[in-house]
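Participant: Structure incoming, see below.
The values are calculated or read from the model by the stated rules, or taken from the named source; none is laboratory data. Bear in mind that the values here come from a model prediction, so they are computed numbers and not experimental data. Because the Cβ atoms are built from the backbone with ideal geometry, glycine has one as well, and the counts that use them run over all protein chains shown.
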Amino acid sequence: MPDGVPRFGADRLLALADRLAGQRVLVLADLVLDRFLTGTPKRISREAPVLILRYAGEAGVPGGGANAVANIRALGGEPLAVGLTGDDESGRLLRGELEARGISTRRILEVAGYRTPTKTRILAGFPHGSKQQIVRYDVEDDLEPGAGAVERLAAAIAAAAGEARVAVVSDYGYGAAHPALLPALRAALGPGGVVVVDSRYRLGSYRGIDGATPNEEEAEGLAGGELPSGMPELGRAVGDICERLAARFLLVTRGSRGMVLATPEGAVAIPVHGTDQVADVTGAGDTVIGTFALALAAGATPEEAALLANYAGGIVVMKMGTATTTREELAEAIRRDPRPVEEATWARW
């Protein structure tokens, strides 16, 4: 390993994974309900060239920012969830799913007439085989927060004051997670607080945050073109984006090519945990930011948090649907696969 880069191994990561339990993370999130309808193929319809499925079952799970919340809880953390739902069936179901996981919903506001964002995936397959997604339809309202909504959300954030030193903003563009609420988050966290953002469409509006976890496409949108493929050029390009956001670190997820983390001191490219033969990438980014933030709350450096998030992301993409992982699964992955640590490529400047 080159001089001047962090030196740690599996033992350090295992210790950090154990310390995730009980850590609190404030999560300002666009909350989504993910619905999965499954069926078995019956025949081709005579009415149109479409497949007829025999209904087999359905499930509703936390999606979008709610999936980040669920991942923090599954890892043993205590998420302090702030967001909005409608006064509709999807909102009630989402609240119930969160509460069943031991997650408090008292800071989640109900908005009359608002349709809770819901993503319904229809999957088909034979009873004992894998199910394939054949179509998805979304129910969504673009709720631009007026002064009243911002004030109510700011009050909910303030109610968590002193309970966490790390916050996540999971912005899917539905109105609850908004750059206008950054001052409220900073005030709630107090001096030394850390804000990490995942924003689908407007990461550039979150200048002055501590860090962010965009995927490669989102990062390239900020960079204005394709990112380089190899280090150290890749690290410098991500570092330039980090500097543009006035952030302390930037973690870019790259699918089967792993991740790259940039800080003002340098960068590290981390190979993917597992293989590139994934089962389902749904919600993997939520797992990454949830694990990353929880690790920071447990005292990890950004580099250590990125390694743990890399393992967690590699675990959930091998599961079907919107998935979470546990500390036990995380520890087992670290023990079985030392490659992400051993083959990480470092660059210092």
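Participant: List pairs: first in the range 10-30 and over 30 Å from GLU151 (Cα atoms), second charged (D, E, K, R) and buried (at least 16 other Cβ atoms within 10 Å of the Cβ), Cβ under 9 Å, 6+ apart or cross-chain?
Facilitator: Taking only residues 6 or more apart or on different chains, the pairs are ARG12/GLU304; LEU13/GLU304; LEU16/GLU304; ALA17/ARG327; ASP18/ARG327; LEU20/ARG327; ALA21/ARG327.
To keep it simple, each residue is scored yes or no on (1) within 19 Å of LEU307 (Cβ to Cβ); (2) crowded, with 23+ Cβ neighbours inside 10 Å.
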{"position": "ALA223", "(1), (2)": "no, no"}
{"position": "ILE241", "(1), (2)": "no, yes"}
{"position": "ARG248", "(1), (2)": "yes, no"}
{"position": "VAL260", "(1), (2)": "yes, yes"}
{"position": "GLY266", "(1), (2)": "yes, no"}
{"position": "ASP286", "(1), (2)": "yes, yes"}
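Participant: Something else now. Of the residues ARG207, ARG236, only one is more than 15 Å from the chain's Cα centre (by Cα), modelled with pLDDT of 95 or more and not small (Gly, Ala, Ser); which?
Facilitator: ARG236
Participant: Looking only at the range 322-329, decide whether some residue is in contact (Cβ under 8 Å) with a residue 40 or more places away in the chain, closer than 22 Å to ASP18 by Cβ and surrounded by fewer than 22 Cβ atoms within 10 Å (Cβ to Cβ). Give the derivation first.
Facilitator: Residues of the range 322-329 in contact (Cβ under 8 Å) with a residue 40 or more places away in the chain: 322-327.
Next cut, closer than 22 Å to ASP18 by Cβ only: 323-327.
This time we only want the ones that are surrounded by fewer than 22 Cβ atoms within 10 Å (Cβ to Cβ), so: 326-327.
Among the residues of the range 322-329, at least one is in contact (Cβ under 8 Å) with a residue 40 or more places away in the chain, closer than 22 Å to ASP18 by Cβ and surrounded by fewer than 22 Cβ atoms within 10 Å (Cβ to Cβ), which makes the answer yes.
Participant: For ILE289, indicate whether it is within 26 Å of ALA21 (Cα to Cα) and touching a strand residue (DSSP E or B) at 6+ places or on another chain (Cβ under 7 Å).
Facilitator: yes
Participant: Here's another thing I want to ask about it. So, in the range 94-132, of the ones that are surrounded by fewer than 16 Cβ atoms within 10 Å (Cβ to Cβ), closer than 25 Å to ASP280 by Cβ and among the polar types (S, T, N, Q), which residue ends up modelled with the lowest pLDDT?
Facilitator: Looking at the filtered set, the residue picked out is SER130.
Participant: Picking from VAL32, VAL50, VAL5, which residue would you name as being at pLDDT below 95 and over 24 Å from LEU308 (Cβ atoms)?
Facilitator: The conditions single out VAL50.
Participant: Do we find that PRO62 is part of a strand (DSSP E or B), in contact with a Lys or Arg (Cβ under 6 Å, 6 or more places away or on another chain) and within 20 Å of SER170 (Cβ to Cβ) in this structure?
Facilitator: So PRO62 does not fit the description; no.
Participant: In the range 32-50, what residues are hydroxyl-bearing (Ser, Thr, Tyr) and without any contact (Cβ under 8 Å) to a residue 60 or more places away in the chain?
Facilitator: The answer is SER45, and nothing else.
Participant: Hey, LEU26 hits all of (1) within 26 Å of ARG136 (Cα to Cα); (2) assigned to a strand (DSSP E or B) but one; which does it fall short on?
Facilitator: (1)
Participant: Within the range 91-122, how many residues turn out to be assigned to a strand (DSSP E or B) and among the polar types (S, T, N, Q)?
Facilitator: 2
Participant: Restricting the first residue to the range 78-96 and requiring it to be among the basic types (Lys, Arg), which pairs with a second residue that is not in a strand (DSSP E or B) meet a Cβ separation below 9 Å and a spacing of at least six or different chains?
Facilitator: Every condition considered, the pairs that remain are ARG92/THR116; ARG95/THR105.
Participant: Moving on. ALA56 versus (1) assigned to a loop (DSSP other than H, G, I, E, B); (2) surrounded by fewer than 19 Cβ atoms within 10 Å (Cβ to Cβ): which is the lone unmet condition?
Facilitator: So ALA56 meets the others, but not (1).
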